[in-house]
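The values are calculated or read from the model by the stated rules, or taken from the named source; none is laboratory data. Quick caveat, the model's predicted, so the values are computed rather than measured. FYI the Cβ positions are ideal-geometry reconstructions off the backbone, even for glycines, and counts take in every protein chain you see.
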Amino acid sequence: MPLRENVFWRYAMEKETCLIVGLGNPGLQYAHTRHNVGFEVTDVLARRLGVSLTRKKCSGLLAETALEGRRLVICQPQTYMNLSGQCVAELLQWYKCPLENLLVIYDDIDLPLGRLRMRKAGSAGTHNGMRSILANTPGQGFPRIRVGVGAKPEGWDLADWVLSRYQLREEQDAMTQAFALAADCAEDWVKNGAEHAMQSYNGK
């Protein structure tokens, strides 16, 4: 690596670390389901930043890079959704990262399909992945981006709904746009902070 790149990387490593964790379930059988929104968004973000989520560490697949002079760690937990907190706790400990520097991205059945909502803190609601994270972290004071996947249709079991795929072309197009917007929001959070990202992307 050229000297200038070495100097830049060392400078970035001395700065704060930001963790972006996208929730989902590993395995081809769960790929592109509604519950895997977090994986979809972090895939978009990783491609955009020119990194690959291939490093196995802290019970997840990771990519490390630098953004705005900060070390940025992008992660997809490999513990399955209900145990996501195990991975997040390991990440926070390994990277000595304060809780407020953690951003979690996940699906929300209470938001309309493709709608974004960012908050700086809060409860887990009905999301099992977030329940696991809150059970394994010292508080609720970390930002999260929720991406709407639409309400469960009448007669559907909730588990069947969140593990279903987007059948209509209109749904697929809306979610592709939502994944890109959520990745934009995550980048904005790293660069400008939660308040700026909330003002710029909430409701989109």
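Give the stretch 142-156 a look and list any residue that's over 21 Å from the mean Cα position of the chain (by Cα) and surrounded by 10 or more Cβ atoms within 10 Å (Cβ to Cβ), or say none. Show your work before the answer.
At the first step, the residues of the stretch 142-156 found to be over 21 Å from the mean Cα position of the chain (by Cα) are 152-156.
Of everything in the stretch 142-156, those that are over 21 Å from the mean Cα position of the chain (by Cα) and surrounded by 10 or more Cβ atoms within 10 Å (Cβ to Cβ) turn out to be LYS152, TRP156.
Before we move on, is THR137 among the hydroxyl-bearing types (Ser, Thr, Tyr) and within 18 Å of VAL41 (Cβ to Cβ)? First the steps, then the outcome.
Values: among the hydroxyl-bearing types (Ser, Thr, Tyr): yes; within 18 Å of VAL41 (Cβ to Cβ): no.
Criteria not met by THR137.
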> Mind checking which residues of the stretch 50-100 are assigned to a loop (DSSP other than H, G, I, E, B), in contact with a strand residue (DSSP E or B) (Cβ under 8 Å, 6 or more places away or on another chain) and surrounded by fewer than 16 Cβ atoms within 10 Å (Cβ to Cβ)?
Replying inline: GLY50, SER52, THR54, LYS96
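Looking only at the stretch 45-70, count every residue that is among the basic types (Lys, Arg), farther than 21 Å from LEU181 by Cα and either touching a Leu at 6+ places or on another chain (Cβ under 6 Å) or at pLDDT 95 or above (or both) and tell me the total. Show your work before the answer.
Residues of the stretch 45-70 among the basic types (Lys, Arg): 47-48, 55-57, 70.
From what is left, the residues that are farther than 21 Å from LEU181 by Cα are 55-57, 70.
The next check asks that each one be either touching a Leu at 6+ places or on another chain (Cβ under 6 Å) or at pLDDT 95 or above (or both); those that pass are 55-57.
Of the residues in the stretch 45-70, 3 are among the basic types (Lys, Arg), farther than 21 Å from LEU181 by Cα and either touching a Leu at 6+ places or on another chain (Cβ under 6 Å) or at pLDDT 95 or above (or both).
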